Structures are given as C-alpha cells and as structure tokens.
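Note sheet for the following structure.
The values are calculated or read from the model by the stated rules, or taken from the named source; none is laboratory data. Fair warning: this is a prediction, and the values are worked out from it, not measured in the lab. Counting neighbours? That spans all protein chains shown, and the Cβs are built from the backbone with ideal geometry, glycine included.
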Amino acid sequence: MEKIAYYLKWTLRIGIACAAIYDLFIFNWVGIAGGLAILLSTFLIDYINTNKKIISDKIIALYSIYCIFALICGVMLNFYDFISWWDLLMHLFAGIILGIIGNSMFNRIQNGKKADPLIRLVFIIGVACIGGIAWEIYEFTVDSWMGLDTQKVLLTGVSDTMWDLITDLLGGILSGIYFAIFDRRGI
C-alpha cells in the first residue's frame, strides 16, 4: 500500500502542476488557488509523517484519489460545470472518505478495545457531517471574501448547499453502517 500511496500522491502533484498551467491560460484563478492549497497539503502530510506514521498510507491514497477527481477534474478541468451530478458525487465520496477517517480516529481512541457498533456508527456519521459543514463554511467564506458563487446561491438559493450536506451525510451513513457491521480496524 505504501507504493500505491506514493504513486497516487505524485500523480496528484503532477496533475495539479499540469492543470495549473492550463488554468493560467484560461485565467481560472480559483482552480490555481485550490491546486496550490492541495499541493501544499500533500507536503504537510509528508511532514506530519516524517518521524512517525500518523496518517496511514490507505488514508493518503484515498485523499489523493479524491483530490484528483474533485480538484483536478472538477475544479481545474471544469467537470463541475459540464457534468451536472459531479458535485453530488464528490460530496458522496467525501462523506465516505470522512467516514473512513472517522473510523480510523475511533479505532485510535478505542486503542484496540471493542466498542458498541451504534456508538461507532454515530461517531463516524458525526465526523462525516462535521467535515461537510466545515466545507460549506469554507465555500461560504470564499464566496463572501472573493465575490464568487461556488455555492451557486444565485442559481439555486440554498438547494446546492443542502444537497451537498445531504450527500455528505449519506456517505457518512454508508461508511458508518459498513464499519459498525464489520468493525474494521487498522485502516
């Protein structure tokens, strides 16, 4: 898994560089800014893992895959504009990935002890929902400060934000049910 995570991380980094060059030509400053933020986050993950493996290779691989689809395809190559359901799909995947991260956090908190599946389920759903809410707050802040409309408020009112939160919740429920039933450890 270590090699897969490594190659995915470098695929993401190279993809961001290529997409950023393309975005320079079309003046997509939001794509470039998002790309830089994600690029820096990959180096931050490396720094965090320098002395002790805190973030697992599986989480790094999932993060890299998600960023390739959400950022490079979605923002930098404009899939969000051309594929109507792309945003909902990315929020569903984000909810699932946040649920996986929530399960990993739960396992660390439990430190190998068995836990009630219902508590695990609620914890995982909570992490996925908090992540979704944090993202929507980020979009709202960017829209307010930069005069953008990433939340599509002008087009949909609050519908886009609500559907985003609903699909984050659904992703959290799906991963939460999976882990509550199978009680996976060590991801």
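Structure values in brief
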{"quantity": "Matching residues in segment 139-157 - criterion: being of a type outside the set (D, E, K, R) and modelled with pLDDT under 85", "calculated": "Val142, Met146, Gly147, Leu148, Thr150, Gln151, Val153, Leu154, Leu155, Thr156, Gly157"}
{"quantity": "In segment 66-88, residue modelled with the lowest pLDDT [restricted to those that are touching a Phe, Trp or Tyr at 6+ places or on another chain (Cβ under 8 Å) and over 18 Å from Thr42 (Cβ atoms)]", "calculated": "Leu77"}
{"quantity": "Top-ranked residue in segment 94-121 [being over 23 Å from Asp57 (Cβ atoms) and out of contact with any Asp or Glu (no Cβ under 9 Å at 6 or more places or on another chain); ranked as modelled with the lowest pLDDT]", "calculated": "Lys113"}
{"quantity": "Flag if Asp164 is closer than 14 Å to Gly102 by Cβ and in contact with a His (Cβ under 7 Å, 6 or more places away or on another chain)", "calculated": "no"}
{"quantity": "Residues of segment 78-103 satisfying the condition of being without any contact (Cβ under 8 Å) to a residue 12 or more places away in the chain and small (Gly, Ala, Ser)", "calculated": "Ser84"}
{"quantity": "Test for Leu24: is it free of Cβ contacts under 8 Å to residues at least 60 places away in the same chain and under 25 Å from Thr150 (Cβ atoms)", "calculated": "yes"}
{"quantity": "Segments classed as helices (runs of 4 or more DSSP H), wholly inside segment 2-119, with at least 3 members that are under 21 Å from Glu139 (Cβ atoms) and of a type in the set (Gly, Ala, Ser)", "calculated": "29-48, 86-110"}
{"quantity": "Selection within segment 131-187 - more than 30 Å from Lys58 (Cβ to Cβ), surrounded by 14 or more Cβ atoms within 10 Å (Cβ to Cβ) and among the aromatic types (Phe, Trp, Tyr)", "calculated": "Phe140"}
{"quantity": "Only listed residue being small (Gly, Ala, Ser), in a helix (DSSP H, G or I) and touching a Pro at 6+ places or on another chain (Cβ under 9 Å), chosen from Ala134, Ala128, Ala180", "calculated": "Ala180"}
{"quantity": "Residue match in segment 142-158 (condition: part of a loop (DSSP other than H, G, I, E, B), farther than 22 Å from Trp86 by Cβ and among the aliphatic types (A, V, I, L, M))", "calculated": "no"}
{"quantity": "Subset of segment 7-16 (residues that are in contact (Cβ under 8 Å) with a residue 12 or more places away in the chain and farther than 19 Å from Tyr80 by Cα)", "calculated": "Leu8, Lys9, Thr11, Arg13"}
{"quantity": "Residue in segment 20-35 that is at pLDDT 90 or above and surrounded by 12 or more Cβ atoms within 10 Å (Cβ to Cβ) present", "calculated": "no"}
